[in-house]
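Structure first, then comments.
The values are calculated or read from the model by the stated rules, or taken from the named source; none is laboratory data. All figures in this text were calculated on a predicted structure; none of them were measured in a lab. Quick reminder, even Gly has a Cβ in these numbers, built from the backbone with ideal geometry, and neighbours come from all protein chains shown. These area figures cover heavy atoms from the full protein model, side chains too; ligands, DNA and RNA do not enter into them. Shrake-Rupley method; radii C 1.70, N 1.55, O 1.52, S 1.80 Å.
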Amino acid sequence: MNIFQIPSWYMSEKSPLTGIFFRDQAMAMARAFPDMNIAISTWGQNDEARLLKASDHIINALKIVRAQKIKASEKILMPNVVQYFSPAFTFTRKFLQGNIRNIIKANFENIKRFENKYGKTDLIHAHCAYPGGYIAMA
């Protein structure tokens, strides 16, 4: 069975405990069911480098320039748990719906990479209605 997990928030360098239970749950499931493959989809949730604020125009411009160097990646957490990352900015939902289209695109790229390696996804496990559930629905 292949499970694609979409956490609405996730750990970052500055917030290492935020959403840690999503990763811990995936790893516990992987230990209990070693024939199961689990992907954790990330796009930079809770990462200050991906958060654009309306009042920080100069800082936002620097973040956008620096982001050009950041590429998609994957990190093997266990033999059957992989964390996928495709970068996407986040900002207030009052402006362009918080960049949800690009966040959906980032998750779509992650699921394509997962399926190329492990085969068809059997279950999408979205944590929380927004944005995780919304992304899964899309």
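Only residues that are among the charged types (D, E, K, R) and either touching a helix residue (DSSP H, G or I) at 6+ places or on another chain (Cβ under 8 Å) or within 16 Å of P7 (Cβ to Cβ) (or both) were counted across segment 20-74, and they come to 8. Within segment 92-121, the set of residues being open to solvent by less than 90 Å² (accessible area, probe 1.4 Å), at pLDDT 95 or above and of a type outside the set (A, V, I, L, M, F, W, C) comprises N107, E109, N110, R113, E115, Y118, G119, T121. I'd like the full set of residues that are surrounded by 19 or more Cβ atoms within 10 Å (Cβ to Cβ) and modelled with pLDDT under 90, limited to segment 13-24. Matches in segment 13-24: G19 only.
Just one of the listed residues (R101, R31) is closer than 23 Å to G19 by Cα, touching a residue at least 24 places away in the same chain (Cβ under 8 Å) and among the charged types (D, E, K, R), and it is R31. Screening segment 70-91 for residues that are at pLDDT below 90 and among the β-branched types (V, I, T) and picking the one that is least open to solvent (accessible area, probe 1.4 Å) gives T90.
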